[in-house]
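Peer 1: Dropping a structure here in structure tokens format, bear with me for questions.
The values are calculated or read from the model by the stated rules, or taken from the named source; none is laboratory data. Keep in mind that this is a model prediction, so the values were computed, not measured. Don't worry about glycine lacking a Cβ; one is built from the backbone with ideal geometry, like all the others, and counts go over all protein chains shown. Note: accessible area is taken over every heavy atom of the protein model, side chains too, but ligands, DNA and RNA are not part of it. Shrake-Rupley method; radii C 1.70, N 1.55, O 1.52, S 1.80 Å.
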Amino acid sequence: MANILVYALHYNGAINKNSLGAVSEGARLAAELGGEAHAILLGENVPEALAASLGDYGAAKVLVAEGPEGLAQPLVDAMAAAISGGGYKYALFGGGLLGFEIGAGLAARLGAGVAMEVTSVRAEGGELIAERPILGDSAISEISYRSEVGIVIGRLNAFEAKATGAGPAPVEKLSFELSAHASKAKMVTRGEQRGADVDIEGAEILVAGGRGLGKAEGFELCHELASAFGNNAAVAATRAVVDAGWYPYAAQIGQTGKTVAPKLYLAAGISGAIQHQVGMQSSENIVAINTDSNAPIFEFCDLGIVGDLNKIMPKLTEAVKAKRAG
Amino acid sequence: MKICVLVKEVPDAAVEKRIDPSTGRMDRSGEKNLNPYDTHAIEAAMQIREGGVVSVEEIVAVTMGPESAVRALHKAVSLGADRSVHLSDQALAGSDVAATGYALAKAIDRESPDLVLLGQQSDDGECYTIGAVVAEHLGMPSLTQVIKMDVESDALRCERQAEYGYDTVQIQLPAVISVGDAINEPRYPSLKAIMGAKKKPLDTVASGDVGIDTSKVGGDNSAAQWIAAKAPPAKAAGEIIEDEDTAETVEKIVAWLDERKLI
Ligand SMILES: Cc1cc2nc3c(=O)[nH]c(=O)nc-3n(C[C@H](O)[C@H](O)[C@H](O)COP(=O)(O)OP(=O)(O)OC[C@H]3O[C@@H](n4cnc5c(N)ncnc54)[C@H](O)[C@@H]3O)c2cc1C
Ligand SMILES: Nc1ncnc2c1ncn2[C@@H]1O[C@H](COP(=O)(O)O)[C@@H](O)[C@H]1O
């Protein structure tokens, strides 16, 4: 049988949105292959209702495994155990850090083929073919699998979550054995929020800053421009500057941050790495200021300014203020 | 403690990367360099050595790649590695991520390290995952994207950013850790270190030397098969302004924003 096993990440009683997308995509593909999509959740006392709720996104069955949360290797053990029972032809992951780690570990365990950063999957002659952009998205490669099980790891936001109203799915307990190496990692603290709790999701205009700001104080330029735009504007950031402690995590856009779609996204000193792009590419208008004319952000912005943000932003702030006053 | 650092030779950032239409593989001609992300892994190894919590007997740079990849090893040695291992074999050409990770694990296994360090991504392959594959084959715990790592005798306390914020994870050694580029600021090699790099021991090994089953590696044996590469859908290019006269540039930006009712 050509069933698809879909990993679902959950935290604090909610399923990750990208995992919901993966379940929906799994259900769509399984239907084309003539099989079913089953979801798998792992955790400590996963609520049955939470697991069952994946039925609404197309899971025909949900497996629940008991184990330590937030780490990849326990899931490799659990998914390998589920797959060894037979019936699965593919394992599918939404976009996210854990999905990458679990999918790769599972590929090693099963001797399976794996494709990551997948943006689209199609069924052809009873097999799945994954599309993966490569070389800075300048080409798209098509990947097929010749292993018994194929592993597909999606790019963030590549698969859309679709509630079908099918109702709760049957939930089954999965017993599995934690491997020796998987028990050697222990979560000490999870999901720590660093820096202030800023709210950016409601903003219509985001002025985002990256490493090109040069130092933490560089964010002043972003704040000044944002306040020139008025109340509906806020400041956002890249992972590089959040990890460096220049700006709070709550304002981070991208794969391990927030996904936003404001009316205007003004990126200052941001290179436009794919992990940042996936969190802001649906913005209605993207303006980029960058000194490097080869920066990837110029490939997908609507207005690009090749220049020094230190020269441009103060003048732009004044001009926006003047325009709004005038 | 013995540390293996995995390093890769990649096309220089200034070289336009492309697929050779005749082979479907990456065109590897042109200027090459040590994968910049791997310099953070070497630096992390050096900081453990200099940190003094544990004594580091050896830092070994390991690569799998064609002949030219020795230059990446020389660079790694100039940055602090004591010696290097070059896994090079025609049978390995075209291996997918899973096969590459398997082959690297075999080469590492022979060294019996206490810690394996990698970069967060290769500039050309961009798989982010070799670490997880290698760890599974070695039967070691692992973590990727680590931005802070403290050694505590037989364990590491690692921090990284995951889906919901920062996680701190305690990992028992031996372990496989991929480090993020925020973990440190790599040092520049001294002229003396650059000059001396070619004199440090370099062990060139083939598949058979490290027990690689060649039916599991190479392009034809890889489980993920590239069937085609195509161009991405064309998208309308954005408007580009070169900032020469900033007053004029700002005027243009404001007009552009105004036209779209964004001010
Ligand atoms: C698993 C994973 C998850 C990730 N998750 C995220 C995420 O959620 N969000 C995220 O943002 N990133 C994420 N990243 C990191 C991402 O790959 C990039 O490293 C990061 O987005 C780069 O941030 P940046 O653009 O600020 O820095 P850089 O890439 O260093 O770019 C800085 C830019 O500033 C320009 N610049 C320099 N000086 C000036 C100046 N004076 N004026 C104008 N421009 C200037 C430079 O030309 C350069 O293009 C993730 C990576 C991985 C592997
Ligand atoms: N051929 C290789 N030889 C040695 N190390 C490699 C090789 N390919 C990838 N790596 C390591 O794996 C890391 C992640 O690469 P990737 O998973 O391809 O993005 C790199 O930063 C290197 O440390």
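Peer 1: Regarding region B:76-87, can at least one residue be identified that is within 16 Å of ligand 1 (Cβ to nearest atom) and at pLDDT 95 or above?
Peer 2: Scanning region B:76-87 turns up no residue that is within 16 Å of ligand 1 (Cβ to nearest atom) and at pLDDT 95 or above.
Peer 1: Please work out which one of (1) within 17 Å of A:ILE153 (Cα to Cα); (2) assigned to a helix (DSSP H, G or I); (3) under 21 Å from the mean Cα position of the chain (by Cα) is the condition A:VAL6 fails and give its number.
Peer 2: Condition (2) is where A:VAL6 drops out.
Peer 1: I'd like to know if region A:14-30 contains one or more residues that are over 23 Å from B:TYR128 (Cβ atoms), in contact with a Pro (Cβ under 7 Å, 6 or more places away or on another chain), more than 10 Å from every other protein chain (Cβ to nearest Cβ) and polar (S, T, N, Q).
Peer 2: Among the residues of region A:14-30, not one is over 23 Å from B:TYR128 (Cβ atoms), in contact with a Pro (Cβ under 7 Å, 6 or more places away or on another chain), more than 10 Å from every other protein chain (Cβ to nearest Cβ) and polar (S, T, N, Q), which makes the answer no.
Peer 1: Just for region B:210-263: of the residues that are open to solvent by 20 Å² or more (accessible area, probe 1.4 Å) and among the polar types (S, T, N, Q), which one is farthest from the other protein chains (Cβ to nearest Cβ)?
Peer 2: Looking at residues that are open to solvent by 20 Å² or more (accessible area, probe 1.4 Å) and among the polar types (S, T, N, Q), I get B:THR214.
Peer 1: Take region A:245-266 and flag every residue that is near ligand 1 (Cβ under 9 Å from one of its atoms), at negative phi and within 12 Å of chain B (Cβ to nearest Cβ).
Peer 2: The answer is A:GLN252, A:GLN255, A:THR256, A:GLY257, A:LYS258.
Peer 1: Inside region A:48-61, can you point out the residues that are in contact with a Gly (Cβ under 7 Å, 6 or more places away or on another chain) and open to solvent by 40 Å² or more (accessible area, probe 1.4 Å)?
Peer 2: Result: A:ASP56, single match.
Peer 1: Can you tell me how many residues in region A:213-230 are more than 12 Å from chain B (Cβ to nearest Cβ), within 21 Å of B:ILE253 (Cβ to Cβ) and more than 8 Å from ligand 1 (Cβ to nearest atom)?
Peer 2: Selection size over region A:213-230: 9.
Yes/no matrix, rows are residues, columns are (1) open to solvent by less than 60 Å² (accessible area, probe 1.4 Å); (2) within 18 Å of B:GLU242 (Cβ to Cβ); (3) touching a Gly at 6+ places or on another chain (Cβ under 9 Å); (4) within 16 Å of ligand 2 (Cβ to nearest atom):
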| site | (1), (2), (3), (4) |
| --- | --- |
| A:ALA261 | no, no, no, no |
| A:ILE274 | yes, no, yes, yes |
| A:GLU284 | no, no, no, no |
| A:ALA288 | yes, yes, yes, no |
| A:LYS321 | no, no, no, no |
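Peer 1: If you don't mind, another one. Could you tell me whether A:GLU201 is of a type in the set (Asp, Glu) and within 19 Å of A:LYS323 (Cβ to Cβ)?
Peer 2: For A:GLU201, the condition - of a type in the set (Asp, Glu) and within 19 Å of A:LYS323 (Cβ to Cβ) - is not met.
Peer 1: Hey, another quick one. Of the numbered conditions (1) in contact (Cβ under 8 Å) with a residue 12 or more places away in the chain; (2) within 16 Å of ligand 1 (Cβ to nearest atom), B:PRO141 satisfies every one except a single condition; which is it?
Peer 2: Condition (2) is where B:PRO141 drops out.
Peer 1: Output the strands (runs of 3 or more DSSP E) that fall wholly within region A:71-138 and possess 1 or more residues being over 23 Å from the mean Cα position of the chain (by Cα), or say none.
Peer 2: A:88-93, A:120-124, A:127-134
Peer 1: Just need a number here: residues in region A:94-109 that are more than 13 Å from ligand 2 (Cβ to nearest atom) and free of Cβ contacts under 8 Å to residues at least 40 places away in the same chain.
Peer 2: Looking only at that region, the number is 1.
Results for (1) within 8 Å of chain B (Cβ to nearest Cβ); (2) more than 21 Å from the chain's Cα centre (by Cα); (3) of a type in the set (Val, Ile, Thr), shown as yes or no for each residue.
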| position | (1), (2), (3) |
| --- | --- |
| A:PHE159 | no, no, no |
| A:LYS162 | no, no, no |
| A:PRO168 | no, yes, no |
| A:GLU177 | no, yes, no |
| A:HIS181 | yes, yes, no |
| A:GLU192 | yes, no, no |
| A:GLY195 | no, yes, no |
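Peer 1: Residues in region A:245-254: is at least one among the aromatic types (Phe, Trp, Tyr) and touching a strand residue (DSSP E or B) at 6+ places or on another chain (Cβ under 7 Å)?
Peer 2: Within region A:245-254 (the criterion being among the aromatic types (Phe, Trp, Tyr) and touching a strand residue (DSSP E or B) at 6+ places or on another chain (Cβ under 7 Å)), the answer is yes, since at least one residue qualifies.
Peer 1: Could you tell me which of the residues B:PRO36, B:PRO113 is within 16 Å of ligand 1 (Cβ to nearest atom) and in contact (Cβ under 8 Å) with a residue 40 or more places away in the chain?
Peer 2: B:PRO36
Peer 1: In the list B:VAL97, B:VAL169, B:VAL133, which residue meets the criterion of being β-branched (Val, Ile, Thr), within 16 Å of ligand 1 (Cβ to nearest atom) and over 15 Å from the mean Cα position of the chain (by Cα)?
Peer 2: B:VAL169
Peer 1: Taking region A:298-319 as the region of interest, how many residues are closer than 19 Å to A:CYS222 by Cβ and open to solvent by 90 Å² or more (accessible area, probe 1.4 Å)?
Peer 2: The qualifying residues number 3.
A quick yes/no check of all residues on (1) more than 11 Å from chain A (Cβ to nearest Cβ); (2) within 16 Å of ligand 2 (Cβ to nearest atom); (3) at positive phi; (4) at pLDDT 95 or above:
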site: B:ARG110; (1), (2), (3), (4): yes, yes, no, yes
site: B:VAL116; (1), (2), (3), (4): yes, yes, no, yes
site: B:HIS137; (1), (2), (3), (4): no, yes, no, yes
site: B:ALA155; (1), (2), (3), (4): no, no, no, yes
site: B:VAL179; (1), (2), (3), (4): yes, yes, no, yes
site: B:ARG187; (1), (2), (3), (4): yes, no, no, yes
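Peer 1: I'd like to verify a number: residues in region A:212-256 that are in a helix (DSSP H, G or I) and within 18 Å of the chain's Cα centre (by Cα), how many?
Peer 2: Residues that pass the stated criteria total 7.
Peer 1: Within region B:58-72, take every residue that is of a type outside the set (S, T, N, Q) and part of a strand (DSSP E or B) and give me the one that is farthest from ligand 2 (Cβ to nearest atom).
Peer 2: Among those that are of a type outside the set (S, T, N, Q) and part of a strand (DSSP E or B), it is B:GLU58.
Peer 1: Could you figure out which of (1) at the interface with chain B (Cβ under 9 Å from one of its Cβ atoms); (2) modelled with pLDDT under 95; (3) closer than 13 Å to A:GLY95 by Cβ isn't true of A:GLY136?
Peer 2: Against the list (1) at the interface with chain B (Cβ under 9 Å from one of its Cβ atoms); (2) modelled with pLDDT under 95; (3) closer than 13 Å to A:GLY95 by Cβ, A:GLY136 comes up short only on (3).
Peer 1: Something else about it: A:VAL64 - would you say it is at pLDDT 95 or above and assigned to a strand (DSSP E or B)?
Peer 2: Taking the combined requirement at face value, the residue satisfies it.
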